[in-house]
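The values are calculated or read from the model by the stated rules, or taken from the named source; none is laboratory data. Quantities reported herein were computed from a predicted structural model and do not represent experimental measurements. Neighbour counts run over all protein chains shown; Cβ positions are idealised from the backbone, glycine included. Note: areas computed on protein heavy atoms with side chains; ligands, DNA, RNA excluded. Shrake-Rupley method; radii C 1.70, N 1.55, O 1.52, S 1.80 Å.
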Amino acid sequence: MSVKTIFERFSGQLCLGLVAILAGLTFLNNQLNFDIPASHKVRDAAGFATPFSEVEKLDLRNGTKDIAASYASSVPTAGYYYAPVARTGAVSAPATVFHITEPTPVADPSVDAGYGVMRYTGYGGRFLYAHSSLAFSPIKSLYPGSTFTATIDGVTATYRVSARYIFNKVADLDGATNNARRTRIYSARDESGTRHALALMTCGNGANNDSNFRLVLFADRV
């Protein structure tokens, strides 16, 4: 029997045999891949669950470079708004949107404010003061119409600046001749005699921390 005759007679069986062989090889290949330990698998990208600090990036010039270090170097070192360390009565937000938290009550307005905000309890407890280089630094940027929030005696409210004054400490505030003005400020009354919810005082002329001047803001609840 010739080869041609054999092929013609058994061509169907040969095709089935080849298909079976290919299927067997495919199964064997998959089986071998599944048996490879996970630690030996080749991966071209880190999984999203991989800790960021462990992900490395290839640098063609210097070998490997840690992505976390590269990322950190691109972050600005300074914040985009003023945020001093939070303390009792300290301001903790930007100049035009800041919060005063429970100012410390004092019976004498000459008590040093330290890092916080003091609240003079005389004349209704409406007078707040703090250092212009610390807790009240943001109020130097406040003008009539600016708002801020304050929590006093557990009550949080929003206030709007109604009036802004610069006083010379010696000429306008010190001595017996200025008793009436000091009393007005402690009572949260402006130069026209109008009473407000709060009076805020700090050093400087609004552009600096000069102790020869005092910046005073009068504010009302919104």
- Query: How would you order 128-141, 195-208, 98-111, 151-164 from highest to lowest mean count of nearby Cβ atoms within 10 Å?
  - Reply: 128-141, 195-208, 98-111, 151-164
- Task: Return the long-range amide H neighbours of F213 (sequence gap of 5 or more, or a different chain), with a cut-off of under 5 Å between placed amide H atoms.
- Result: K169, G204
- Query: On average, how much accessible surface per residue is there in region 110-203, in Å², for a 1.4 Å probe, leaving out ligands, DNA and RNA?
  - Reply: 44 Å²
- Item | region 88-189 - percent of accessible surface contributed by carbon and sulfur, probe 1.4 Å | 53 percent
- Message: Using amide H atoms built in the peptide plane, which far-off residues or other-chain residues are under 5 Å from S132 H to H?
- Response: C203
- Per residue, the convex hull enclosing the Cα atoms of region 101-149 spans a volume in Å³ of 89 Å³
